[in-house]
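The next block holds one structure in the form of structure tokens; read it before the comments.
The values are calculated or read from the model by the stated rules, or taken from the named source; none is laboratory data. Model, not experiment: these values are computed from the prediction. Note that we place each Cβ from the backbone using ideal geometry, even for glycine, and neighbour counts take in every protein chain shown.
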């Protein structure tokens, strides 16, 4: 029983971190409107990295070209990796929200839903190189079972 409490606490802490990150991204997007869409974040960051490397290391044109390709290849590998873990990440997030809802009163649940809409709108807060969220049909095996419905 205690191990489930530890697991649940860890997942809740992780979920809070995700929520905090979402709030921070929303704040940055609001505070710095110049980064609003259209925004090609990964490409801009890559260009900045290459410029900095070039200014610091005095790259040859050949080195610059190779480094740009290395970075682009790394991004592609990250996209492939995200495609593998995104469903599990989303399943854990949904499970955390379900467990939180189970301990709230009906009024708190309504407020929680409103808060979640503000923190995690149906569109991404800031563009990323991640693929769009995949619909979940089933939680991955080994995921904690759903809590009982409140009042059940």
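Checked against the criterion of being in a helix (DSSP H, G or I), modelled with pLDDT under 90 and under 23 Å from residue 18 (Cα atoms), the candidates 81, 49 yield just one match: 81. Here is a check on your reading of the model: is residue 139 modelled with pLDDT under 90, out of contact with any strand residue (DSSP E or B) (no Cβ under 6 Å at 6 or more places or on another chain) and closer than 22 Å to residue 12 by Cβ? Here the answer is yes, as residue 139 does meet what is asked.
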